[in-house]
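Down below is the structure, laid out as structure tokens.
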Amino acid sequence: MKIAVSGKGGVGKTTVAANLVKAFLNDGYNVYAVDADPDISLGQTLGFPSEELANLTPLVELNEVIDKKTTGGGGLFFDLNPDVDDVIENYSIAKDKVRLLRMGGIKQGGSACYCKENTFLNAVLNSLLFDKNDVVILDMSAGIEHLTRGTSDGVDTMIIVTEPTKVSVQTAKVVQKLAQDLGIRKIKVLGNKIRHSKEEEFIRAQFTEDELIGVLKFDEGVWETAMAEEKGVLAEEELLPNLEGVYKKILEEVKI
């Protein structure tokens, strides 16, 4: 199963993604955590050592590897289905039963053709699942950048995280539409950082009961964990408040 977590910057999607990683680990799954954000926030939030994260090369920056895998080292045409199994082993870091990969930043509009890089990234994502105990959690870049370039195509479930604000909700609805256009089968919205009943009412008024997979209360302990060096979500005993219920709904949705 592949789950992509998206949403406007600052809504807490990385914290949600990290807690989903922990939830699946607690149930005995092997988890591939894919940081699709240009920074290394997912690895930091999970608690990977800073020196290991600093030495983890983003997949999109593996120019020689990409060229070799997609074109055989040269030529005008490139392979649409390159063999990338060794890339997962060589360009990731592991902790417990979770393996972390970094996708890296997407080129901005007006830059050179990005066809080979996209083909390479998609091939890596398509090679991550090996058996029923494997799960992929993708922490997408803020907003909709990866979605518009198709790098989340093929995921089973899209979790769109939103805060109880008009701007955040509007972004969530745009992501919904793009995910639908990409053919993602399950698209769910998750309300986050809910402080009181009025904010929860606002979120529930914006989405149908079927669209909304749950709401997570604001928790001060989350910010304390974020400030703790080399600690991270994997070292925590508990998940985010209400996250267990969301996790169970995800399992029901994909019918593992």
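Dimensions of region 1-50 based on its C-alpha atoms, expressed as ranges along the principal axes with the largest first, amount to 30, 25, 14 Å.
Taking each of Lys198/Lys248; Lys95/Lys188; Lys166/Lys193; Lys97/Lys177; Lys13/Lys95 in turn, the alpha-carbon distance tops 23 angstrom for Lys198/Lys248; Lys95/Lys188; Lys97/Lys177.
The numbers here are math on the coordinates, done by the rules we state, and not lab data. Since we're looking at a predicted model, the values are computed, not measured.
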